[in-house]
Amino acid sequence: MRHRRPRTATLIRGAIFAGICAAGLLTGSCGQSSGQSSSAAPKDIPLPIDSQSIDAKVPPNATLEVLLKGQNLSTETTGAMLKAMSDVFNPKDLRAHQTYRITRTLDGLLREFRYQIDADRLLRVFAAPANAFVGGSSPAPSFTAEVITLPKEFQVEVLVVDIAKGQSLVGVLEARGENVQLALELANIYGGEVDFNSDLQPGDRFEIMFERAMRNGEFAGYGRVLAANMKNAGRKLPAVLFEDGDGKPAYYDADGRSLKRQFLKSPLPFDPRITSQFSNRRFHPVYGGYRAHQGVDYGAPYGTAVNVVASGVVDFVGTQGDAGRMVRVRHASGYQTAYLHLSAFAPGLRVGQRVSQGDLIGKVGTSGASTGPHLDYRIIKNGTYVDPVAELKRMPKGEAIAASRLPAFAAVRDEQYGQMAALIAAAAPSGASHATPAAPRK
Ligand SMILES: [Zn+2]
């Protein structure tokens, strides 16, 4: 692609050209334009090509230095570029198959390097103006680097999905052309109310009003879920996004009660099943015979992320007999949780470390007395093992919004649900989702 100088330069040139004509100094070429009135907008003047660009993809296992040198950039230039970007981009974050562009002047000087960090960010390294147009004589190349967040537009859309027998939320959303991110976001929102592992029933329904991000007409991810209604086993679970007094956005039910519970319903993203319940007497798959099973087993692929269910302090990280690799965390109100048979711990996890609800603490494995990859998850209350599934139902509902904020909350709630109902109604005949541009973010 040819590099176009900014429009002003064209205008300035045009003006200069018109000036020269007016003075009658130039030959015939003036003649040509003599018929035009001087007020006519100057035509775009094709500018001479003064640079050329190469577009390419990062090959597997390439380092940034090798990649730049592979493009015949000198050690000096490469060094100056790496120095310039050190504040904004870690070269170790270079990823294979990402696109990049190198633009040089016609005499081979590097003008700009662009690298697509991810869908939303672009690294740009460009020659500092001082030496951009000087031949090879400039003492040492110097560059400026910046990371640009690519703008995207958000449009508000609604989706209505029904869960039929044997269907998962991920499956249904993917069938509607959505990606797993939206399902993960819903699992986060309802994580304190619904265990997406085991609670989804045929006949359940989701109504979701969310922001879809678009860039140049292309799907570029999701923004926020603004409001949702979930029908689960006959229960109606509304969730609306609202910024309480502390300015932190969170999800609340229709009465202004936070959907965040002290404990997440499960330490696993979602979809794995319960393979073995909490029991005082269970046949032991490794040793045989009957003994207590003081946890609930979730079947999950080896390496699945294990997230801590509530904020707390780590009080054990290590290997312990039949439990294999285990993490135990101390929480408020006399609770501890334990995560057994792990394949790995979260990097740097240590005793005494503070963790927040949802933080990664390890990966699913089959260490210790285990016949296959699964997570044995345990809750200890005041020193006694309790059934995690039953205990959760006994836990208090989320915090309520401060009374002083309730009117503001009600206004947002009603507005969001009004908009969602209208969008659903508008979409109903075709079944396709209906979009409106999102309100600008505060
Ligand atoms: Zn177990």
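Consider residue 238 carefully, then state whether it is touching a residue at least 60 places away in the same chain (Cβ under 8 Å) and farther than 25 Å from residue 298 by Cα. Yes, satisfied. Cβ-Cβ distance below 6 Å, separation of 6 or more or different chains: which pairs start in segment 289-303 with a residue that is of a type in the set (D, E, K, R) and end on one that is more than 9 Å from the ligand (Cβ to nearest atom)? Final answer for the pair search is 291/284. Residue-level check: of (1) part of a loop (DSSP other than H, G, I, E, B); (2) within 16 Å of residue 264 (Cα to Cα); (3) without any contact (Cβ under 8 Å) to a residue 60 or more places away in the chain, residue 336 misses just (1).
Note on segment 275-295: among residues that are within 11 Å of the ligand (Cβ to nearest atom) and within 15 Å of residue 389 (Cα to Cα), the one that is surrounded by the most Cβ atoms within 10 Å (Cβ to Cβ) is 295. Residue pairs whose Cβ atoms lie under 6 Å apart, sitting 6 or more positions apart in sequence or on different chains, and linking a residue in segment 345-362 that is in the same structural domain as residue 335 (by TED's automatic domain parsing) and farther than 12 Å from residue 328 by Cβ to a partner that is in a loop (DSSP other than H, G, I, E, B) and of a type in the set (Val, Ile, Thr), are 359/308. Here residue 314 meets the list (1) among the β-branched types (Val, Ile, Thr); (2) out of contact with any Lys or Arg (no Cβ under 7 Å at 6 or more places or on another chain); (3) more than 20 Å from residue 168 (Cβ to Cβ) almost entirely, failing just condition (2).
With the structure loaded, tell me whether residue 298 is crowded, with 18+ Cβ neighbours inside 10 Å, within 16 Å of the ligand (Cβ to nearest atom) and part of a strand (DSSP E or B) or whether it fails that test.
Yes; evaluated as a whole, the condition is true for this residue.
If you go through segment 305-323 and pick out every residue that is crowded, with 21+ Cβ neighbours inside 10 Å and within 16 Å of the ligand (Cβ to nearest atom), you end up with 2.
Rundown of residues vs (1) surrounded by fewer than 19 Cβ atoms within 10 Å (Cβ to Cβ); (2) in contact with a Cys (Cβ under 9 Å, 6 or more places away or on another chain); (3) over 21 Å from residue 160 (Cβ atoms), yes/no style:
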{"position": "195", "(1), (2), (3)": "no, no, yes"}
{"position": "198", "(1), (2), (3)": "yes, no, yes"}
{"position": "231", "(1), (2), (3)": "yes, no, no"}
{"position": "236", "(1), (2), (3)": "yes, no, no"}
{"position": "240", "(1), (2), (3)": "no, no, no"}
{"position": "250", "(1), (2), (3)": "yes, no, yes"}
{"position": "256", "(1), (2), (3)": "no, no, yes"}
{"position": "273", "(1), (2), (3)": "yes, no, yes"}
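The values are calculated or read from the model by the stated rules, or taken from the named source; none is laboratory data. Computed from a prediction, not measured in an experiment: that's the story for all the values here. A quick note on method: Cβ atoms are made from the backbone with ideal geometry, for glycine too, and the neighbour counts reach across all protein chains shown.
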